[in-house]
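**Q** Take a look at this one; I'll ask things after.
The values are calculated or read from the model by the stated rules, or taken from the named source; none is laboratory data. Everything quoted here is computed from the prediction, not taken from an experiment. So basically every Cβ, Gly included, is an ideal-geometry build from the backbone, and we count neighbours across all protein chains shown. Just the protein is used for accessible areas: all its heavy atoms, side chains included, with ligands, DNA and RNA removed. Shrake-Rupley method; radii C 1.70, N 1.55, O 1.52, S 1.80 Å.
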Amino acid sequence: MKSITTTDYAIHFNSECYNQVNLHLKNCSYSKIFILVDENTHNYCLPQFLSKLETTVTLEIIEIESGEKNKTIDTCLGVWNVLSELEADRKSLIINLGGGVITDIGGFIASTFKRGISYINVPTSLLAMVDASVGGKTGVDLGHLKNQIGVINVGEMVLIDTSFLNTLPNNQLRSGLAEMLKHGLIHNQAYWDNFDKSFSLKTDSLDKLIYESVLIKKEIVEKDPKEDNLRKTLNYGHTLGHAIETYFLSHPEKEDLLHGEAVAIGMILATYLSYELLDFDKTKCDLIKDKIISIYGNIDFKDTDILPIIDLLKFDKKNEHGNINFVLLHDIGKTQVNCKVSNDLIFRAFEYYSA
């Protein structure tokens, strides 16, 4: 696959990843290279990555615990201290080898250590390949509140080796698929139609769909790098999705939801809200719900769950001047940002989801 070039960096795929990173390391005088991993990517991805890396620069491996619950400032403090102990300087490079948690926190650690050092993202999950590693968003959670602390700062390059997907369980693949479904809903009907009932995550066409998904996000981010308007559309399904994810993470009697699983619910809710507020076609709304439910199944919501989820909406990053802002659809590929939604409508959306 041909590399995708943005204004500030390039995204390379499969074998070209290693040609480009090795050329980059040869041409740049890095003092040390630090590879950030979790226990999973340390075991399943790092050996393959190191076998293809060509450099005489000192390499250090830093491992953090996996999972959203570890995407915190405390984890950053630990890594910053390790970097200091290992004498990292402003000419050091951090390579983030992992899923969305690793690329988010690794980019933030690099962007803030000694006021900023270089980093490269190597996403190993489907979610990170099509979303988290593209566009320069970095950050950590504040308690259970998603991505409250962070900066927008792009790395040197992104390396997408889709063979790493072979290390993932099915639920992690499904989590990443949610972002691809979102790209179809906000961008165009043709891309959405790729995910029909016969679609399989094991299909040979997955590389092509990943590539197209990266192109969609790249096009949006380049037009609005600071998320002033158009880039907000990438948050479709995320306003309620993030609140649902946070609620399940923090509730002692609920089983944690993966990011994509929560966003999938959020997209069904947002599409119903689009039907109510922007006259989105009801038949399409039902078809979208059916397709997403066929992939992710149903999550049981009790009436007592809804108000706490709504209360979490006030922490959404898109809020402005005290208003909770939703991204909704006039039609597939036709979005509207900064939509206001009443609590009564949100309750009805949950009723629609559960029906």
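**Q** Tell me the accessible surface of Asp256 in square angstrom (1.4 angstrom probe, heavy atoms of protein chains only), to the nearest ten.
**A** 90
**Q** Moving on to the next point. Show me the ranking of peptides 216-229, 149-162 by mean Cβ neighbours inside 10 Å, starting with the highest.
**A** Descending packing order for the listed peptides: 149-162, 216-229.
**Q** Right, something else. Of the heavy-atom accessible surface of the chain (probe 1.4 angstrom), what whole percent is carbon and sulfur?
**A** Details: 7340 of 15420 Å².
The C+S portion of the solvent-accessible surface of the chain is 48 percent.
**Q** Shifting gears a bit: Add -39500 (n - 2.57) for each DSSP H run of 4 or more in the chain, then divide by its residues: what number comes out at 222 nm, to the nearest 500 deg cm²/dmol? If you can, show how the numbers build up before the last one.
**A** Details: 13 runs with 161 residues, N = 355.
Helices in the chain give a 222 nm mean residue ellipticity of -14000 deg cm²/dmol.
**Q** Compute, for the chain, the length of the dipole vector about the Cα centre, with Cβ point charges of +1 (Lys, Arg) and -1 (Asp, Glu) only. Units Debye, rounded to 20.
**A** Values: 35 positive and 48 negative charges, 161 e Å.
In debye, rounded to 20, the chain gives about 780.
**Q** Would you mind checking Lys71/Lys289; Lys289/Lys334; Lys223/Lys340; Lys226/Lys340 for any pair whose Cα atoms are more than 26 angstrom apart?
**A** Lys71/Lys289
**Q** Working out 0.36 nm times the residue gap between Asp311 and Arg115, then minus their Cα-Cα distance, what length gain in nm do you get to one decimal?
**A** 67.0 nm
**Q** Using a simple charge model, +1 on the beta-carbon of Lys and Arg, -1 on the beta-carbon of Asp and Glu, nothing else, what dipole does region 192-344 show about its Cα centre, in debye to the nearest 20?
**A** Taking the Cα centre of region 192-344 as origin, the dipole is about 380 debye.
**Q** How many percent of DSSP beta bridges within region 1-158 run antiparallel, rounded to 5?
**A** Counting only bridges with both partners in region 1-158, antiparallel ones make up about 20 percent.
**Q** Ranked from highest to lowest mean number of other Cβ atoms within 10 Å per residue, what is the order of the peptides 123-129, 190-196?
**A** Highest mean packing first, the order is 123-129, 190-196.
**Q** Which ³J(HN,Hα) values in Hz, rounded to whole numbers, follow from the phi angles of region 72-81 under the Karplus curve 6.51 cos²θ - 1.76 cosθ + 1.60, where θ = phi - 60° and Gly and Pro get x?
**A** Per-residue couplings from phi come out as 10, 4, 4, 5, 4, 4, x, 6, 4, 5 Hz.
**Q** Please give the contour-minus-distance gain from Lys282 to Thr72: 0.36 nm per residue of separation, less the Cα-Cα distance, rounded to one decimal in nm.
**A** 71.5 nm
**Q** Now a separate question. Counting other Cβ atoms within 10 Å, keep those with at most 15, restrict to DSSP loop, and tell me which trypsin sites (Lys or Arg not before Pro) in region 125-204 are left.
**A** Lys197, Lys202
**Q** For the chain, what is the percent of antiparallel DSSP beta bridges, rounded to the nearest 5?
**A** Values: 10 of 31 bridges.
Among the beta bridges of the chain, antiparallel pairing accounts for roughly 30 percent.
**Q** Next question. Rolling a 1.4 Å sphere over the protein heavy atoms, what is the accessible area per residue of the chain, to the nearest Å²?
**A** Counting only protein heavy atoms, the per-residue value for the chain is 43 Å².
**Q** Which residues' amide hydrogens lie under 5 Å from the amide hydrogen of Ile149, considering only partners 5 or more residues apart or on another chain, with H built in the peptide plane?
**A** Hits under the 5 Å cutoff: Val140, Leu142.
**Q** With a ≥ b ≥ c the root eigenvalues of the C-alpha gyration tensor of region 246-322, is it rounded (a/c under 1.5), prolate (a/b larger than b/c) or oblate?
**A** Oblate.
**Q** Using 1/(1 + (r/R0)^6) with R0 = 25 angstrom and r between the beta carbons of Glu87 and Leu50, what's the FRET efficiency to the nearest 0.05?
**A** Efficiency, rounded to the nearest 0.05: 0.70.
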